[in-house]
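**Q** Take a look at this one; I'll ask things after.
Values in this text are rule-based calculations from the coordinates and carry no lab data. Every value quoted in this text rests on a predicted model; they were computed, and no experiment measured them. We place every Cβ from the backbone using ideal geometry, glycine too, and count neighbours over all the protein chains shown.
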Amino acid sequence: MIKTTSKHSAEVKLESCKKTRQFAADTLQSALGELLHSHQPISEVLVRDRWLEKLRKNPYIFPDGWYMPPPHGIGVLIGTATKYGRHNYDTLRLQQSWPASNIFLNKDNPLMYVYASPVDRETGMIGDFGMTLYFGDNPDVVNHLKLCLQLDRELYNHIKIGMPFKEIYNYAQRLWHDYGFVNEIVSTSDPTGTNLGHTIPASYEDWTPHELNLLQQGNANYESLKNMISKKRKFINSIETLPVQAGMAFTNEARPTVKDHPDIPMVSFHTIIMVKPDGSMEFITQFEDIFKLVGMNYMLKN
């Protein structure tokens, strides 16, 4: 049994978040590498199951992710390279957006969104990972993919310690407006209904004794544990006054869509912004090796 403690340092918790997310990236890369070289039809369920199999080999994370539904806390959506593709989802929680066994990656469906939500057993830190993959060559789609990640970086560069979450959200809205983008995130947990992302729970504070007890129970009471993680999040939305502070990590899950341009798909690069205890900041992507694997070298930062 992995022992949990009442308190971990900020450095330990942030490193745990980063390592958990890196494991999600590494296992996705491994799963996709095998499937792309197998020449078998690649369905959403096949990607999900191969990824899950590899994630479950790590004894330091829980067998399933915290964001359920979808089943196992993993989302895989394959669709056309248009705004109206299957990947243009409202929320992964709806059954219609769960991985399907009869939807395949092919020349007519060259876009794939993948997401996983692993949880470290010891610290309770989540390491959510998500990205849009494109197996086509439409230059308009390629440019949109590049721009979306560029704007994520621009938003990161704007963020400073002490800035309220609502200011980050409002800046992002202005940034997208300048490019004719809208952000169509639907969040059933957020009182405003939409947001940019959320805190990594307990990254900048400790678990309460009750929350720690749920973490220690682990799989025996996982339904309560995953709900606890969900409820502890603070959202980057239009009303949240929580300020950015040292020792904090939070997500950027923007899903920009181009207004009045149905040929451009919704794109999402789920990134994490970390503010270390010394006040320095880090923009975490861990996409690069997967970009290389699937031929998206144009996404690599020069």
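**Q** Test of understanding: what is the full-extension gain from Lys160 to Glu223, defined as 0.36 nm times their sequence separation minus their Cα-Cα distance?
**A** 19.1 nm
**Q** Here is a further query. Can you pull out the trypsin sites (Lys or Arg not before Pro) in segment 62-165 whose DSSP state is coil and whose Cβ has at most 14 other Cβ atoms within 10 Å?
**A** Answer by residue number: Lys107, Lys160.
**Q** Can you list the aspartates and glutamates whose alpha carbon sits under 17 Å from that of Lys231, skipping same-chain ones fewer than 8 residues off?
**A** Asp128, Asp190, Glu205, Asp206, Glu211, Glu223, Glu240
**Q** From the helices alone, meaning DSSP H stretches of at least four residues, give me the mean residue ellipticity at 222 nm for the chain, per-run term -39500 (n - 2.57), in deg cm²/dmol to the nearest 500.
**A** -10500 deg cm²/dmol
**Q** Something else: Which helices, taking whole DSSP H runs in the chain, have alpha carbons extending 18 angstrom or more along the helix axis plus mean Kyte-Doolittle at least -0.5?
**A** 10-36, 139-158
**Q** How high is the relative contact order of the chain, in percent, with contacts defined as C-alpha pairs under 8 Å that are six or more residues apart?
**A** Relative contact order here is 22 percent.
**Q** Ok, one more. Could you check the spin-label model distance between Lys146 and Thr241? Points 7 Å from the Cα along Cα→Cβ, value in nm.
**A** So the two model labels end up 4.3 nm from each other.
**Q** Which one of Gly33, Gly247, Gly124 has the biggest mean-square fluctuation once the chain is modelled by GNM with Cα springs under 10 Å?
**A** Sorting by GNM fluctuation, first place goes to Gly33.
**Q** In what order do Ile239, Ile264 fall by count of nearby beta-carbon atoms within 10 Å, going from fewest to most?
**A** The fewest-first ordering by Cβ neighbours comes to Ile239, Ile264.
**Q** How about Lys259: which aspartates and glutamates have a C-alpha closer than 19 Å to its C-alpha, ignoring those fewer than 8 places off in the same chain?
**A** Partners within reach: Asp90, Asp140, Asp152, Asp178, Glu184.
**Q** Only Cα pairs within less than 10 Å get springs; with that Gaussian network setup on the chain, which residue of Asp289, Asp90, Asp278 has the largest fluctuation?
**A** Asp278
**Q** Could you name the lysines whose alpha carbon sits less than 17 Å from that of Lys107, not counting residues in the same chain fewer than 8 places away?
**A** Lys83
**Q** Moving to a separate point now. Counting other C-beta atoms within 10 Å, which of Cys148, Cys17 has the fewest, and how do the rest follow?
**A** The fewest-first ordering by Cβ neighbours comes to Cys148, Cys17.
**Q** Turning to a different aspect of this structure: Quick one, which of (1) 51, 42, 36; (2) 79, 40, 32; (3) 61, 40, 36 is the actual Cα extents along the principal axes in Å calculated for this model?
**A** Matching entry in (1) 51, 42, 36; (2) 79, 40, 32; (3) 61, 40, 36: (1).
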